[in-house]
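**Student:** For reference, the structure I am asking about is given below.
Every number here is computed from the coordinates shown, using simple stated rules; none is lab data. Note that the structure is predicted; figures quoted are calculated from it, not measured. So basically every Cβ, Gly included, is an ideal-geometry build from the backbone, and we count neighbours across all protein chains shown.
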Amino acid sequence: MNLVLGLMALLLLASLAGQWYLWRRLRVLGQSRLARETEQEAHIQRLADDLAALCRASAGAGDHLVKLEQQLRRVMDRQDQWELRSGSERSYQQAIQMVQHGADAGELVRNCGLTPGEADLIVMLHGMARTGTG
């Protein structure tokens, strides 16, 4: 009987030791998991902050791009106006030279792309100069 009681006490003691070991192990694992979770939450927060900063920078870059596109459009419009002006000035110069060499309004319309009113005016202005000097 003493042997049975001794074995039971030994089993009880082994069981308590096992439970204590498992409790300690669970406590260490719990602390380790808590530390990892805290570290992961901090990492997630840093990533969220970085993402917010990138979004702000992206919005700023988008605004800048819109402004650049507007400037480019204005420059292109100016260039188009300049090209139209310089092209029409060349047509007028060519028409004046043609009138000075005897061309009539019909020739100016056909060759210089002028309207009949423009051609008549150039002939009147510069044809008179030719006949006045000739």
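**Student:** Within a 10 angstrom radius of the beta carbon, how do 50, 104 rank from fewest other beta carbons to most?
**Tutor:** By the 10 Å Cβ count, ascending: 50, 104.
**Student:** Now for a separate question. Average projected area of the Cα convex hull of region 1-89, in nm²?
**Tutor:** Averaged projected hull area, Cα only: 8.5 nm².
**Student:** For every helix of n ≥ 4 consecutive DSSP H residues, a contribution of -39,500 (n - 2.57) applies; sum these over the chain, divide by its total residues, and give [θ] at 222 nm rounded to the nearest 500 deg cm²/dmol.
**Tutor:** Only helices count here, giving -34500 deg cm²/dmol.
**Student:** Can you give the net charge of the other residues whose Cβ lies under 12 Å from the Cβ of residue 42, counting K and R as +1 and D and E as -1?
**Tutor:** So the environment of residue 42 carries a net charge of -2.
**Student:** Would you mind ranking 128, 98 by Cβ crowding within 10 Å, fewest neighbours first?
**Tutor:** 128, 98
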